[in-house]
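Shown next, in structure tokens, is the structure this report addresses.
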Amino acid sequence: HLEAGVREANGAEIIEEVAAARLHCGLLRVPVSRPRGLRFETLLEEPSLLAVPADHRLATATTPVPVKSLDGERLILVRRPGAPGLYANLLAACARHNVSVTLAAEVDRMTTNLNLVAAGVGISIVPSSMNGAHPQAVVYRPLAASLKLGAPITLVYRGAACEGSCCTLIRLVRGLGQRYRTAARSHGTKKRAVR
């Protein structure tokens, strides 16, 4: 008998809980470690968006925002042990382009991140699924393709635990990931055809 429950944690905590058999599986962004016996599957790759306060100079950008436009900005980042890939890649891109940014805040959760953007503390990079949070206070802008800041959703589970209800859940999330990828490809094809 498997009882389904949902709880929020960062990537490091999720991996630790699955490895210790306190969770059957978890969803995270970028694995911070890959302990033996665990399986990791990338279900989908979300684009990232720039989140800025509604009165910010980049809120009215009409084209994808290049990394040079971030020079001098105050960044709000989710603590890197919980999400190393997206934020480490952003900081690396800034360094490569000699873009100077200030770390305004490092937080534990994406919701706190967007609350601070809404309050005008700074700007942030977020997965596209966050688009729409704080619609009156936060504007989301696409980033230049050259930044290549994707936000994967990764499934982690113990290989030996894939049985019964747990295996059913794993098949379900794989199917949802496939449907999302198919819909995204279809949407991209339609968009190109219209241009």
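General remarks:
- The residues listed here are G5, G37; of these, the one that is at pLDDT 85 or above and farther than 27 Å from L90 by Cβ is G37.
- Take the conditions (1) among the aliphatic types (A, V, I, L, M); (2) surrounded by fewer than 20 Cβ atoms within 10 Å (Cβ to Cβ); (3) at pLDDT 90 or above; L91 misses just one of them, which is (3).
- For first residues located in the range 61-87 and open to solvent by 10 Å² or more (accessible area, probe 1.4 Å) and among the charged types (D, E, K, R), partners that are modelled with pLDDT of 85 or more and in a strand (DSSP E or B) and lie 6+ apart or on another chain with Cβ distances below 6 Å form the pairs E73/I123; R74/T102; R74/A104; R79/E106.
- Residues satisfying the stated conditions in the range 102-133, i.e. farther than 19 Å from P47 by Cα, touching a helix residue (DSSP H, G or I) at 6+ places or on another chain (Cβ under 7 Å) and either modelled with pLDDT under 95 or outside any loop (DSSP other than H, G, I, E, B) (or both): A105, V107
- Residues of the range 28-57 satisfying the condition of being out of contact with any helix residue (DSSP H, G or I) (no Cβ under 7 Å at 6 or more places or on another chain) and open to solvent by 60 Å² or more (accessible area, probe 1.4 Å): R34, R36, T42, E45, D55, R57
- Within the range 9-27, considering residues that are surrounded by 20 or more Cβ atoms within 10 Å (Cβ to Cβ) and over 19 Å from the mean Cα position of the chain (by Cα), the one farthest from L169 (Cα to Cα): V18
- Residue list for the range 131-161, restricted to those being out of contact with any strand residue (DSSP E or B) (no Cβ under 7 Å at 6 or more places or on another chain) and touching a residue at least 12 places away in the same chain (Cβ under 8 Å): A133, H134, Q136, A145, S146, L147, K148, A160, A161
The values are calculated or read from the model by the stated rules, or taken from the named source; none is laboratory data. What you see is a predicted model; the values in this text were computed from it and never measured. Quick reminder, even Gly has a Cβ in these numbers, built from the backbone with ideal geometry, and neighbours come from all protein chains shown. Side chains are part of the model used for accessible areas, which takes the heavy atoms of the whole protein and leaves out ligands, DNA and RNA. Shrake-Rupley method; radii C 1.70, N 1.55, O 1.52, S 1.80 Å.
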